[in-house]
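Right, one structure below, let's go through it.
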Amino acid sequence: MSSGPRLGAPPSEAPWDHEFDVVVVGSGAGGLTAAIAAHDLGQSVAVLEKSDQYGGTSAISGGGVWVPCNHLLVAAGADDSHDDALAYLKAATRGMVSEARLLAYLEHAPRMVRYLEEKTCLRYRAMPRYSDYYPALAGAKSGYRTMDPLPFNAARLGDEFARLRPPQPGTLIAGRVAMTAGEAHVILCKERGWAALFMRRMLRYWMDLPWRFRSKRDRRLTLGSSLIGSLRRSMMDRDIPLWLNTALESLVTDARRVVGVVATQNGRTVRIAARRGVILAAGGFEHNQAMRDEYLPKPTRAEWTVTPPANTGDAIRAGQGVGAQVALMDHAWWAPTVFVMGREKRRALFVERNLPGCVMVNRLGNRFVDEAAPYSEIVYAMYADHRKNNANMPAWLIFDAGFRRKYPCGPLLPGMVRPDKSIPAAWAGTVYFKADTLDDLAAQIEIDAKGLRETVERMNQYAASGDDKEFGKGSNNFDRYYGDVNVKPNPCLAPIAKPPFYAMRIDAGDIGTKGGLLTDECARVLREDGQPIAGLYATGNTSAAVMGPSYPGAGSTLGPAMTFGYIAAHHLAGV
Ligand SMILES: Cc1cc2nc3c(=O)[nH]c(=O)nc-3n(C[C@H](O)[C@H](O)[C@H](O)COP(=O)(O)OP(=O)(O)OC[C@H]3O[C@@H](n4cnc5c(N)ncnc54)[C@H](O)[C@@H]3O)c2cc1C
């Protein structure tokens, strides 16, 4: 037992309802990785999940992990090195994260992903052309660091499939058919063979008759569904309990360490002992408006996030309750989001902005960012522009009939698949706005018409020359990754000239908050004086992000969530 400073009152004399070596709070990728690793290191472990479905945001995500020097990259003979990765991370995190944590990530992320491949059902593919998000920084690579989960057969989950949080319709073809990130890229960017691939995927879905009689959901799990489905199956193989409807309320301490948790289970209070430690992996505080108001830049609204509703910062508050320090609370994994009718409510615009024939403007009708920049950077730019001009929040994505016909945008499928006349009437004026002239469009959305007209004129000149002289849209590998390969000279630029014109309202949304409990390189939660709290670990969005204010590449949130879960399991097992 640690001989650190005293923590507070001893635990009450009430008996424990359950006892384990390790209690993991939250069933996202960080929590499940930690649980499996702890089990394999000889610990008894249980996972508590507040919601009636498991998987959290991780289950609805792309499932990608960003892992420099991963074993698949090495096997493919791709160019990467520890020094390049460290230089890149140091530049991206701008001194806001300790070098010890960056080094821990670089050392353990490749081990974590290799361990999961060798010991669990999860399989990854390194993506050869998925560029790091800041190609201009030293040490950036143009591919292979992002890894995409391979498909997983839902039938292997048996009845547990019903409790896996379903993907958002936006990540499926026609809201039904699953795609890997690689397939999505081919179809969206209209690469060679995209139409045949699209037809193959549709046919496979509809011809899977035995499964079609059972479920509308695709049995071919991809992206976050594959990630969480694979990890869940691996937990089942090990008989690791996962308790749904079980919400952490507070941590139990004795004089020196965290010794367990109090939780509410189906309305009843339960006390669960954690002989070696508690790993908090309960996501961020996206849905807690009071915490957003307290910490995030303004304006900020819980309804702008795209994450599931149970992430209300409970574990961050529980950690603070035992003296933990928090950091990066004013940052999020930002993403521009748009309003969607129905169950989904919000969708992030990850890639549409890169495609040619659109422009993003503020209320003055002016651009303020390279539209194809990483999603996090778009929202940072929205806040910066708002501070400068008080004319952002919302921003607007403007496009023309050509863009509308060819490409999806938020909930709008390409017009050639689903024309305006087949879209519910209620979407007009809410989900999207439409007018025959730019002036009329500007009037509808109450932005400056002259500013918009001039912006579009300049954009059209850039489309002709291929050179965006203001913000460099399409000038680097990352921008072009989601461009249309058939559009020349710049796959991210095309004229916005063909009426009718469209607008979508963009809010400063997120795919998770990134501030939380400050941890060290062993994933131990630190108190205000910088000393670890014995028996308490945190990972994922419950912890302050190892990536600091940056988003170095696709997979920069799940990679650390899983890696520091893996590190925590090793540390508390004493390995
Ligand atoms: C559409 C989309 C795509 C994305 N794609 C990627 C990607 O490809 N790569 C990437 O790196 N990131 C991606 N992200 C971001 C990433 O999914 C999240 O940052 C990540 O899943 C957070 O993991 P986590 O384990 O911290 O939290 P979560 O996965 O949200 O898990 C937290 C769990 O804790 C539970 N919980 C909350 N409170 C309690 C409590 N009191 N008691 C018990 N349980 C509790 C929640 O219900 C939830 O199940 C994406 C996000 C979205 C929305």
Q. Hey, among the residues in segment 213-236 that are out of contact with any strand residue (DSSP E or B) (no Cβ under 8 Å at 6 or more places or on another chain) and assigned to a loop (DSSP other than H, G, I, E, B), which one's nearest to the ligand (Cβ to nearest atom)?
A. Arg217
Q: Look through segment 41-65, keep the residues that are over 30 Å from Met127 (Cα atoms) and in a loop (DSSP other than H, G, I, E, B), and return whichever of them is farthest from the ligand (Cβ to nearest atom).
A: Gly42
(Q) Being on the phi > 0 side of the Ramachandran plot and open to solvent by less than 10 Å² (accessible area, probe 1.4 Å) is the requirement here; does Gly319 meet it? (A) no
Q: Specify which of the listed residues (Leu150, Leu172, Leu197) is at pLDDT below 95 and surrounded by fewer than 20 Cβ atoms within 10 Å (Cβ to Cβ).
A: Leu197
Q) Counting only residues that are among the hydroxyl-bearing types (Ser, Thr, Tyr) and closer than 27 Å to Ala136 by Cβ, which one in segment 545-575 is farthest from the ligand (Cβ to nearest atom)? A) Ser550
Q.
Any residue that is basic (Lys, Arg) and under 24 Å from Met341 (Cα atoms) - is there at least one of those in segment 424-434?
A. yes
Q: Can you work out which of the residues in segment 552-566 that are of a type in the set (Ser, Thr, Tyr) and open to solvent by 10 Å² or more (accessible area, probe 1.4 Å) is farthest from the chain's Cα centre (by Cα)?
A: Tyr566
(Q) Condition check: charged (D, E, K, R) and without any contact (Cβ under 8 Å) to a residue 60 or more places away in the chain. Does Asp84 satisfy that? (A) yes
Q: Go through segment 420-438 and give me each residue that's surrounded by 14 or more Cβ atoms within 10 Å (Cβ to Cβ) and under 15 Å from Asp400 (Cα atoms).
A: Asp420, Tyr432, Phe433, Lys434, Ala435, Leu438
Q) Any idea which residue in segment 521-544 is nearest to the ligand (Cβ to nearest atom), counting only those that are open to solvent by 10 Å² or more (accessible area, probe 1.4 Å), out of contact with any Pro (no Cβ under 7 Å at 6 or more places or on another chain) and hydrophobic (A, V, I, L, M, F, W, C)? A) Cys522
Q. What are the residue pairs meeting all of these: first residue in segment 288-301, first residue open to solvent by less than 50 Å² (accessible area, probe 1.4 Å), second residue among the hydroxyl-bearing types (Ser, Thr, Tyr) and not in a loop (DSSP other than H, G, I, E, B), Cβ atoms under 7 Å, and 6 or more apart or on different chains?
A. Pro297/Tyr383
Q | Unmet requirement for Met112, which otherwise passes all of (1) within 20 Å of the chain's Cα centre (by Cα); (2) open to solvent by 90 Å² or more (accessible area, probe 1.4 Å) | A | (2)
Q: All but one of (1) within 18 Å of Leu518 (Cβ to Cβ); (2) part of a loop (DSSP other than H, G, I, E, B) hold for Ala318, so report the exception by its number.
A: (2)
Q. Which of the residues belonging to segment 418-450 are closer than 29 Å to Ile187 by Cβ and without any contact (Cβ under 8 Å) to a residue 40 or more places away in the chain?
A. Arg418, Pro419, Asp420, Lys421, Ser422, Ile423, Ala425, Ala428
Q: Would you check if there is a residue in segment 56-69 being in contact with a helix residue (DSSP H, G or I) (Cβ under 9 Å, 6 or more places away or on another chain) and surrounded by fewer than 17 Cβ atoms within 10 Å (Cβ to Cβ)?
A: no
(Q) Checking the condition part of a loop (DSSP other than H, G, I, E, B), buried (at least 18 other Cβ atoms within 10 Å of the Cβ) and more than 10 Å from the ligand (Cβ to nearest atom), which residue from Ile272, Ile240 passes? (A) Ile240
Q.
Exactly one of these conditions fails for Gly313: (1) more than 23 Å from Arg527 (Cβ to Cβ); (2) within 14 Å of the ligand (Cβ to nearest atom); (3) more than 16 Å from the chain's Cα centre (by Cα); (4) buried (at least 20 other Cβ atoms within 10 Å of the Cβ). Give me its number.
A. (1)
Q) Can Asp21 be described as open to solvent by 20 Å² or more (accessible area, probe 1.4 Å), part of a strand (DSSP E or B) and more than 6 Å from the ligand (Cβ to nearest atom)? A) yes
Q) Which of the residues that make up segment 362-406 are touching a residue at least 40 places away in the same chain (Cβ under 8 Å), in a loop (DSSP other than H, G, I, E, B) and closer than 17 Å to Arg453 by Cβ? A) Asn362, Arg363, Leu364, Gly365, Asn366, Arg367, Asp400
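The values are calculated or read from the model by the stated rules, or taken from the named source; none is laboratory data. In this text, all values refer to a predicted model and were calculated from it rather than measured experimentally. In this analysis, Cβ positions are derived from the backbone assuming ideal geometry, glycine residues included, and neighbour counts consider all displayed protein chains. Each accessible area value is taken on the protein alone, full model and side chains, heavy atoms only, with ligands, DNA and RNA left out. Shrake-Rupley method; radii C 1.70, N 1.55, O 1.52, S 1.80 Å.
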